[in-house]
């Protein structure tokens, strides 16, 4: 290897010239000799560079340092947000002669929600998704109405809900994230959800419901200049709905399981948001969520304290929520 130092009069910067018989490991022979015929190639290669200018370039464009080819990509997101929920159902007699026997609603439930998500994308595009959330009820109201009386309004400022979901999909991407890129990921998975709500009147009535079943969905994203991303997600769920209530206001029924509900349900979930990622691999996001559930007619079993069981028709099941979230994201 030979080393030649070249300088000129005045303020012309000093340049360093290294001549290698065999290029060093960091230098790609393919890049240096691209476009040359085999006969035009010699055993010597020459690279002229300014070490200080190279360091400034790397600092100015750090996003190129975290571009990894043929490697796994992991996105971890943690959100905190506000969510407003509602839940309603009614019961009719088995023969339909009395409809409804009772109707119960939880309205305007204000909740704080924490949720987390992890996406692992393989070099081939296979995507593994996992997410979970937990919400606390801060405030709300509820009412119960029977066929022979006016609605009875009560406080419902207690309770919680949680959800867990896993999914598997395949990511398709068009374009380059350094300019503009669009990605779409079809997914399929399984989800578990649970709620526990109360009505605080003379006695505290409690209701616990669970939803679980498969789902299919589609995630899309539009990324530009590496840092900015718009994302949209949509899912459709099938669920087995099971619930139990402890109606402490009734002295002649069984406690703590006064009645049980079973039904099939479907729901759709949507999310829209913006994510800004720093070149160091962390960023912030703002997103909006919406979900809507409906239940098919099912069955209620009502248990009296003397052992008698009355079967009725469970119907008009609905659940709805809307939320806004602020998140911290890590990508590596």
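Quick note: the coordinates plus some simple rules give every number you see, no bench work behind them. Quantities reported herein were computed from a predicted structural model and do not represent experimental measurements. Here the Cβ positions follow ideal geometry from the backbone for every residue, glycine too, while neighbour counts run over all protein chains shown.
Here are a few things to note about the model shown:
- Neighbour-count order for 118, 277, fewest beta carbons within 10 angstrom listed first: 118, 277
- Note on segment 94-136: the C-alpha convex hull projects to 6.7 nm² when averaged across all orientations.
- Taking all Cα-Cα distances within segment 129-187, those exceeding 14 Å account for 75%.
- Taking 0.36 nm per residue of separation and subtracting the current Cα-Cα distance, fully stretching the chain between residue 162 and residue 202 would add 11.6 nm.
- Cβ crowding within 10 Å ranks 231, 259, 147 as 147, 231, 259, fewest other Cβ atoms first.
- Counting neighbouring Cβ atoms within 10 Å and putting the fewest first, the residues 228, 237 line up as 228, 237.
- Taking only the alpha carbons of segment 170-266, we obtain Rg and Dmax values of 21.9, 69 Å in that order.
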